[in-house]
Amino acid sequence: MKKSILALPFLAPICLVSVPVAAETVADAEAAEGITVTGLPLPDADDAYSTIEIELDADERIENALRTVPGLQQFRRSDARSANPTSQGITIRGLGGNASSRAVLLLDGVPQADPFGGWVAWPGYDALALSSARITRGGGSGSEGSGAIAGTIELFSKDVGDLIELGAAYGSRNSVDADILFGRELGQGQLTISANYARGDGFIPIIESQRGDVDRQAEYEQAGLAVRYVAPLTDNTELQANVRAFTDDRERGFAFSENHNDGADASIRLVNRSDTGWQWSALGYVQIRNFDVSFGGVAADRNSVSRVFEQFNVPSTGLGARFEVRPPVGEAIELRIGGDWRRTEGETNENFFFLDDDTPRRSRNAGGSTATYGAFVEASLQATEALTLTGGGRIDFWTIDDGFRKEIELINPFPGSVRTDAQFANRDGTEFTARGGFAFEATEQLTLRGAAYLGWRLPTLNELFRPFRVGPDATAANELLEPERVKGAELGLDWESENVSVGITVFYNELDDAIANVTLDSGPGLFPGVGFVSGAGVFRQRQNLDSIESKGIEIDTEFNLSSLVNNLSARAAYSYVDAEVNASGDAAAVDGLRPAQIPEHNASASLLWEQENGTGASVSLRYIGNQFEDDQNTRRLDDAFTVDGGLAFAVNDSLLVEGRVENLFDARVETAISSSNIIERAFPRTFWIGLRTKIE
């Protein structure tokens, strides 16, 4: 009952579907589906959960490819060419609240969330030679570590063999995308080197009717490099070593809105895939990140701007390790035992209270460290030929240590004087979580499944210690935040005939102690943790809400239309999420409202025709329902309908000419609304023409 994998076309995002396929063994299933599993074989437990597998294409930005999964979203609708990097956390099924990720993202088993903020540096993945992504909707990952309260997203590296592949495209507004992939078999091992470069003059984010003299195009420039080496050590044991680095520069469309984000990762993993004995894997990794960002205060008429805040240095480090063993306990039982450890540390260095000559009056330094130590056990039982049962649990110990916040005066009359020097008490705790489920093959075509789960997430260093601003609005950190905890359940069915596949899942989740940006007051005034807020802005603080309840339905379909036109297929998907906040105390005003940035409706559809040589055409449609910018549901982002498409023509076996378009009808996809009702939009209509060549 492994789930099918669906190809992403060369030119546009498509919707995805989760359906069962017959498979005698895990290896056979993986070969049939086209997914390259870089770790241990896919576990039998996954049959009970809502899982989607997709192929990834070199011409598609990773975050945009993932957006086609209904219910999966980033905090904001804009992508990594125009969004602030700190707003790009990822979540599923309406479990939002702020920009920290509530779904765990893994690359060949390595956690990818930013060590400081929990968001994802998406441009860093465009350089990677990736084969596929695997999305498990629903929390309580068990073996994948803490943090998966909304789901798990796994990225897998590509096995390229001996190959050189080059791609380049030129697009609207002087945009350039280029990538290179080099693969070489070295002895019994495989070396892969990949790199990418992207730049563009960008577009003006503020909608045309509201622009002033300060508004300008939001330029971006991004690049990455990755090296991977895989080699067998024995007949069953493989060594995998990965190193990658990226850099990302963006502007938000006016002076004093620049931001820079870069990082480097390294990991090493040993995997033993014995067919008859013990199977095991061991992983160690390091993440290094740094970003800086500036915030400008724009006048009401948008004809002048001044710097109000800058975080000029925010370094962070993530360290971790994971191991898993699968002892041979019989053909009908799969047993998984393991543990993991992750430590993050980082700090923010920032200037604020800027004078008219762009001189900061005060400086702030804040940060700390967190750590989690976990152990898990999970078992799957093939109770009958048609029924699979699974269950497991984990225990985690967590610590929040060395938290501090220090503020000093920078100018006369008291330069160097300390205004605040707070040392926060260390905290620790223990979390017990579990999950279980079943998959029942009612007929050859119909599979029924169900699952229930518990999960948890530790607040990030960003939520605990870093204040931030968006336009005139300011949000304070909160060093007393408690972990988020989710409980949920789902029921689903998968039906497959020769030409049609349908997957339906209904779900319910309750996220207790959900961390959200809670509005406490309006400017003008001085507020703790952020300083001055103008009359055009509001003051917020990160706080634990009582809970967020989220329930809904996901429908995924696939149609093989080859009987009409050879190699023609269609796909459609829909997600409905009814999410509601339960709140009291300071947050009582948002009780009963919808969480910020969570739409009720999300749908996508596509039509794809593609020949084996790459010649083809496709069109992709996407609808996203309205959502609210703020926790008090006063700023509404309108719904949006977009159309993408493209064509490709194979000149010969080695050369492909491609043309594509994003947002064909230039729909206004609203991404943000300020307290003064200034509206930002996502990427406008963009045309691309490119070439791709392979040398094997």
**Report entry** Formal net charge of residues neighbouring Val581 (Cβ-Cβ distance under 9 Å; K, R +1; D, E -1)
**Finding:** -4
Requested in this report: With a probe of 1.4 Å, find how much accessible area the chain has per residue, and write the answer as a whole number in Å².
Outcome: 37 Å²
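Using the beta-carbon distance between Thr399 and Asn303 and R0 = 56 Å, what value does 1/(1 + (r/R0)^6) give for FRET efficiency, to the nearest 0.05?
My answer for the efficiency is 0.65.
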Report summary line: Stretched fully, the stretch from Arg668 through Phe432 gains (0.36 nm per residue minus C-alpha distance, one decimal, in nm) 80.5 nm
Report task. Rank these by accessible area, largest first, 1.4 Å probe: Glu63, Glu496. Result -> Glu496, Glu63
Query raised in the report: How large is the Kirkwood hydrodynamic radius of region 143-249, in angstrom, based on all distinct alpha carbon pairs?
Result: 17.5 Å
Requested in this report: Grab the beta carbon distance between Leu166 and Ala255, set R0 = 45 Å, and tell me the FRET efficiency rounded to 0.05.
Outcome: 0.75
Requested in this report: Note down the nm distance, to one decimal, between modelled labels 7 Å out along Cα→Cβ at Asp213 and at Phe312.
Outcome: 2.8 nm
Query - Whole-angstrom gap from region 121-172 to region 637-696, using each part's C-alpha centre - result: 20 Å
Query raised in the report: What is the extension gain from Gln632 to Glu385, computed as 0.36 nm multiplied by their sequence separation minus the C-alpha to C-alpha distance, in nm to one decimal?
Result: 83.8 nm
Query - region 651-693: radius of gyration and largest Cα-Cα distance (Dmax), Å - result: 17.0, 56
Query raised in the report: log₁₀ I(q)/I(0) of region 619-696 at q = 0.25 Å⁻¹, via Debye over equal Cα point scatterers, no solvent, to two decimals?
Result: -1.08
Query raised in the report: What 222 nm value per residue comes from the helices of the chain, counting each DSSP H run with n ≥ 4 as -39,500 (n - 2.57) and dividing by all residues, nearest 500 deg cm²/dmol?
Result: -500 deg cm²/dmol
Query raised in the report: What nm value, rounded to one decimal, do you get for the distance between Val506 and Ser522 when each label is placed 7 Å out toward the C-beta?
Result: 4.2 nm
Query raised in the report: Counting only the heavy atoms of the protein chains, how much of Arg594 is accessible to a 1.4 Å probe, in Å² to the nearest 10?
Result: 40 Å²
Requested in this report: Given the peptides 84-95, 259-270, 581-592, arrange them by the average over their residues of other C-beta atoms within 10 Å, most packed first.
Outcome: 84-95, 259-270, 581-592
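Going by average Cβ density within 10 Å per residue, which order do the peptides 228-234, 640-646, 134-140 take, highest to lowest?
134-140, 640-646, 228-234
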Report summary line: Whole-number value, in Å³ per residue, for the convex hull of the alpha carbons of the chain is 138 Å³
Report task. Note down the nm distance, to one decimal, between modelled labels 7 Å out along Cα→Cβ at Ala589 and at Leu233. Result -> 5.8 nm
Requested in this report: Could you quote the convex hull projected area for region 274-401, Cα atoms only and averaged over all directions, in nm²?
Outcome: 13.8 nm²
Report task. Determine the share of the chain's accessible area contributed by carbon and sulfur atoms, expressed in whole percent, with a 1.4 angstrom probe. Result -> 56 percent
Query raised in the report: For Asn677 and Ile268, what is the calculated FRET efficiency with R₀ set at 60 Å and r taken between the beta-carbons, to the nearest 0.05?
Result: 0.70
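The values are calculated or read from the model by the stated rules, or taken from the named source; none is laboratory data. These numbers come from a predicted model, not from an experiment. Cβ atoms come from the backbone with ideal geometry, glycine included; neighbour counts cover every protein chain shown. For accessibility, only protein heavy atoms count, side chains too; no ligands or nucleic acids. Shrake-Rupley method; radii C 1.70, N 1.55, O 1.52, S 1.80 Å.
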